[in-house]
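Visitor: Quick one: this structure, given as structure tokens, is what I'll be asking you about.
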Amino acid sequence: MLTTNLLKVHGSENQFFILDQTALATPLSAAELTKLAQTICKPTSLLGGADGVLVVDESDHEDALGRMEVVNADGSRASMCGNGLRCVSRYLSDKFHQDSFRVETPAADLMVNRELDLAPNVVAFAVEISPVRYEKQDFPFDNLGMDKIINQPLPELNDHLKFTTIAVPNPHLISFVKTDADLNDTLGTLGKQLNAKNPYFPDGVNVNFAKIIGKNRLFVRTYERGVGFTNACGTGMSATSLAFALNYPEMVDIEKPIEVTNPGGMVKTIVHPNNTKQWIQLIGNATFTAKVELPEEMLHQGSITPDEATITDTGEESAYQAFVNSLPQN
């Protein structure tokens, strides 16, 4: 019986399985990947499920060590995932013994670098988040009366908040809020509305609400397209950091990192908002929590039997939790 390995990983507790297609006897088809993600990401599945599957393939692009495809828990594809890219970057770095390289994604080849560990046994990577786009066709959005949305009221969506739309290239709707009611109830209601059939964002949209904690400090919570509420969204925190610099320049020193806390921990971002090519650097953990050995046939069938899987805990999650508990409380 052919066996293969999955890795259970997370960036800021945004949970994934890494599947290296190059290690399989027969790579999974697109339909098989969809079914696998829909099965293995369920909370009742292996290791409590996940937010998605990170699929690693070979790349024929110059300087790219590999290609990343993101399959969400519902089987849909994301054009990018910042937290996932950090984890795939670590996987490729360990595999090929390189610390600085590019990873091919559907939208762009992105530069990644190994960083100093955030804490003992908490590995960190910095990844490029780009390209940055604002035009409505990049989301798309419609019936909102404008081609770009930068710190604008949108009465069609809410009666008291202002919104910014930035695609990186995942589409993000961003609002800076002051109350816990908005951060929880309003975010949940709006996120669910805009990711069901609606006249404003027909393909759905990631919705990010942020609280300004202080200069260069944010708290961000995300309702993620294809997932729902998530512990963290790397592209969401990156897009929100850029919106922070654009909308509240007096609160951002772009020469210094922005500290972004989230329900799953903390990352740092460095925004480049004024160049002809806008981009964001996202710096955070790439934690491997478990190695899973299982029959390859299970992956093709999209039917996972936990009893037939051999799970090895890495011990990294306890180190990550110690790091999170050491962070100052807001």
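The values are calculated or read from the model by the stated rules, or taken from the named source; none is laboratory data. None of the values given here were measured: they were computed from a predicted structure. For neighbour counting, all protein chains shown are included, and Cβ atoms are generated from backbone atoms with ideal geometry for every residue, glycine included.
Visitor: Regarding residue 141, is this residue within 22 Å of the chain's Cα centre (by Cα), in contact (Cβ under 8 Å) with a residue 12 or more places away in the chain and closer than 25 Å to residue 202 by Cβ?
Guide: Spelling it out, residue 141 is indeed within 22 Å of the chain's Cα centre (by Cα), in contact (Cβ under 8 Å) with a residue 12 or more places away in the chain and closer than 25 Å to residue 202 by Cβ.
Visitor: Being free of Cβ contacts under 8 Å to residues at least 12 places away in the same chain and assigned by TED's automatic domain parsing to the domain that holds residue 90 is the filter here; which residues of segment 258-300 pass it?
Guide: The answer is 298, and nothing else.
Visitor: Enumerate the pairs (first residue in segment 44-69 and among the basic types (Lys, Arg); second residue anywhere and surrounded by fewer than 22 Cβ atoms within 10 Å (Cβ to Cβ)) with beta-carbon separation below 7 Å, excluding pairs fewer than 6 apart on the same chain, so at least 6 apart or on different chains.
Guide: These pairs meet every condition: 67/57; 67/58; 67/59; 67/104.
Visitor: Let me ask something else. Among 270, 283, 304, which is over 24 Å from the mean Cα position of the chain (by Cα) and either surrounded by 13 or more Cβ atoms within 10 Å (Cβ to Cβ) or in a helix (DSSP H, G or I) (or both)?
Guide: Checking each option against the conditions leaves just 304.
Visitor: Residue 195: crowded, with 20+ Cβ neighbours inside 10 Å and in contact with a strand residue (DSSP E or B) (Cβ under 9 Å, 6 or more places away or on another chain), yes or no?
Guide: yes
Visitor: Residue 78 - would you say it is surrounded by 15 or more Cβ atoms within 10 Å (Cβ to Cβ), under 16 Å from residue 170 (Cα atoms) and either out of contact with any strand residue (DSSP E or B) (no Cβ under 8 Å at 6 or more places or on another chain) or without any contact (Cβ under 8 Å) to a residue 24 or more places away in the chain (or both)?
Guide: Numbers: surrounded by 15 or more Cβ atoms within 10 Å (Cβ to Cβ): yes; under 16 Å from residue 170 (Cα atoms): yes; either out of contact with any strand residue (DSSP E or B) (no Cβ under 8 Å at 6 or more places or on another chain) or without any contact (Cβ under 8 Å) to a residue 24 or more places away in the chain (or both): no.
No, not satisfied.
Visitor: Among the residues in segment 230-243, are any surrounded by fewer than 24 Cβ atoms within 10 Å (Cβ to Cβ) and among the aliphatic types (A, V, I, L, M)?
Guide: Within segment 230-243, none of the residues are surrounded by fewer than 24 Cβ atoms within 10 Å (Cβ to Cβ) and among the aliphatic types (A, V, I, L, M).
So that you can scan it fast, the table gives a plain yes or no per residue for (1) closer than 19 Å to residue 67 by Cβ; (2) basic (Lys, Arg):
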{"site": "80", "(1), (2)": "yes, no"}
{"site": "89", "(1), (2)": "yes, no"}
{"site": "139", "(1), (2)": "no, no"}
{"site": "148", "(1), (2)": "no, yes"}
{"site": "152", "(1), (2)": "no, no"}
{"site": "156", "(1), (2)": "no, no"}
{"site": "174", "(1), (2)": "no, no"}
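Visitor: Within segment 97-110, does at least one residue satisfy the condition of being of a type in the set (Gly, Ala, Ser), in contact (Cβ under 8 Å) with a residue 12 or more places away in the chain and more than 28 Å from residue 317 (Cβ to Cβ)?
Guide: Scanning segment 97-110, I find at least one residue that is of a type in the set (Gly, Ala, Ser), in contact (Cβ under 8 Å) with a residue 12 or more places away in the chain and more than 28 Å from residue 317 (Cβ to Cβ), so the answer is yes.
Visitor: In segment 266-303, which residues are of a type in the set (Gly, Ala, Ser) and closer than 20 Å to residue 170 by Cβ?
Guide: Correct list: 284, 286.
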